[in-house]
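Take a look at the structure below.
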Amino acid sequence: VLERHHALFQLPSLIKEEGAAARYDRVVATYSRAQEMMGDCSHGVLLRLREEIDVQVDVVCHNLRKRLADESVPVTQLPEAILNLTKLQLVSCSRDAPNPNGSRTVAGSR
């Protein structure tokens, strides 16, 4: 089972690495892929994995907010930071939206 889902279990560390390298567009893509792959999991190991992914995304969002507040960051770089932060928040919020059957998915720590 672990071998079959190896890529899924790599997602938290991948998001952490991409965030540390300031590849925020890749963080957005990886987080979107994670949401699609995990679907509506709300129990067991997958729930814990989703929580760890959310922790790493929260760290990236925090770093983007710090970047926006940093007066030494060139103004020309701010629109990209705003765009990536907005995309991460939209992906996160889409998980909290109602499903077609009327239920809601499990909310993260946001």
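The values are calculated or read from the model by the stated rules, or taken from the named source; none is laboratory data. Just so you know, these numbers come straight off a predicted model, no measurement behind them. When the accessible area is computed, the model is the full protein with side chains, heavy atoms only, and any ligands, DNA or RNA have been set aside. Shrake-Rupley method; radii C 1.70, N 1.55, O 1.52, S 1.80 Å.
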query = Rounded, prolate or oblate: which fits the stretch 1-73, taking a ≥ b ≥ c as square roots of the Cα gyration tensor eigenvalues, rounded meaning a/c under 1.5, else prolate when a/b beats b/c?
reply = prolate
Contour excess over end-to-end distance, with Cα ends at residue 47 and residue 90 and 0.36 nm allotted per residue = 13.5 nm
message = How much length would be gained if the chain were fully extended between residue 37 and residue 62, taking 0.36 nm per residue of separation minus their Cα-Cα distance, in nm to one decimal?
response = 6.6 nm
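Round to a whole number: what % of the accessible area of the stretch 1-56 belongs to carbon and sulfur, probe 1.4 Å?
So the carbon and sulfur contribution to the accessible surface is 56 percent.
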